[in-house]
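Okay, so here's the structure we're looking at.
No value in this document is a laboratory result; all are computed from the given coordinates. Keep in mind that what you see is a predicted model, and the values were worked out from it rather than measured. Here the Cβ positions follow ideal geometry from the backbone for every residue, glycine too, while neighbour counts run over all protein chains shown.
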Amino acid sequence: MNFHTRKWVKPEDLNPNGTLFGGSLLRWIDEEAAIYAIVQLGNQRVVTKYISEINFVSASRQGDIIELGITATEFGRTSITLTCEVRNKITRKSILTVEKMVFVNLGEDGLPAPHGRTEIKYVKDQFQDGDADS
Ligand SMILES: CC(C)(COP(=O)(O)OP(=O)(O)OC[C@H]1O[C@@H](n2cnc3c(N)ncnc32)[C@H](O)[C@@H]1OP(=O)(O)O)[C@@H](O)C(=O)NCCC(=O)NCCS
């Protein structure tokens, strides 16, 4: 799993208890996962279809640096299934896991469309001078 995106937990991201607000975290994850699906499927028209159980494993506090990791676990006909983990960048302590997030590839008509992808595409396979990140 590649942990591409880092976030610095700021006052505006906190709940009244002074820890990271779950809604902020879910917003970051949904955006990160959507970008991952867009890159993997080569189509900007993808939508979130399903998010499985979300496990808030441990709290994060103001000033923490956290990182979001996403990887594809399954390529369907029109869908892609991802799994996600958020952890503290310094301590590596897990903050949240989402077992399954399903995104659907849409055509111009807004209906599910086959994406033709079967495996993770790495940047190094897309660009000559890219690195190994997906
Ligand atoms: C996404 C949407 C077009 C799919 O429509 P649909 O009628 O369910 O489409 P289908 O039944 O053809 O399913 C499409 C794919 O989603 C998968 N899927 C459907 N329901 C699912 C569910 N509950 N869980 C997991 N996967 C599901 C199907 O297996 C299929 O994947 P496959 O082609 O790889 O096998 C429609 O549900 C929709 O517009 N939902 C709202 C999306 C949205 O607004 N998201 C939030 C903002 S991004």
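Miscellaneous remarks
- Kirkwood radius for segment 18-75, taken over all pairs of different Cα atoms as the inverse mean of 1/r, rounds to 13.1 Å.
- Once backbone amide H atoms are built at 1.01 Å from N, ASP64 has VAL9 as its partners under 5 Å, excluding neighbours fewer than 5 places away on the same chain.
- Amide H contacts under 5 Å for LEU14: PHE21, restricted to partners 5 or more places along the chain or on a different chain, H placed in the peptide plane at 1.01 Å from N.
- Highest mean first, the peptides 81-89, 50-58 sorted by other C-beta atoms within 10 Å per residue fall in the order 81-89, 50-58.
- Here the residues MET101, MET1, ranked from fewest to most Cβ neighbours within 10 Å of their Cβ, fall in the order MET1, MET101.
- Secondary-structure-derived ellipticity at 222 nm for the chain, considering helices only, amounts to -5500 deg cm²/dmol, per-run term -39500 (n - 2.57) for DSSP H runs with n ≥ 4.
- For the chain, a Gaussian network of Cα nodes joined below 10 Å ranks THR71, THR48, THR118 by mean-square fluctuation, and the top entry is THR118.
- Rounded to the nearest Hz, the phi-derived 3J(HN,Hα) couplings of segment 80-91 under the Karplus curve 6.51 cos²θ - 1.76 cosθ + 1.60 (θ = phi - 60°) are 9, 10, 10, 10, 9, 9, 10, 9, 6, 5, 7, 8, where x marks glycine and proline.
- Around the amide H of ASN2, modelled in the peptide plane, lie the amide H atoms of ILE70, all under 5 Å away and 5 or more residues distant in sequence or on another chain.
- Here the dipole of segment 2-117 is about 300 debye; that uses its Cα centre as origin and unit charges on the Cβ of Lys and Arg (positive) and Asp and Glu (negative).
- Counting only Cα atoms, the size of the chain along its three principal axes is 45, 35, 22 Å, in decreasing order.
- Using θ = phi - 60° and Karplus 6.51 cos²θ - 1.76 cosθ + 1.60, couplings along segment 100-113 (whole Hz; Gly, Pro as x): 8, 10, 10, 10, 10, 7, 10, x, 4, 7, x, 9, x, 10
- Rounded to the nearest whole Hz, the Karplus-based 3J(HN,Hα) values (6.51 cos²θ - 1.76 cosθ + 1.60, θ = phi - 60°) of segment 58-71 follow the sequence 8, 7, 10, 10, 3, x, 5, 9, 10, 10, 10, x, 9, 8, with x at glycine and proline.
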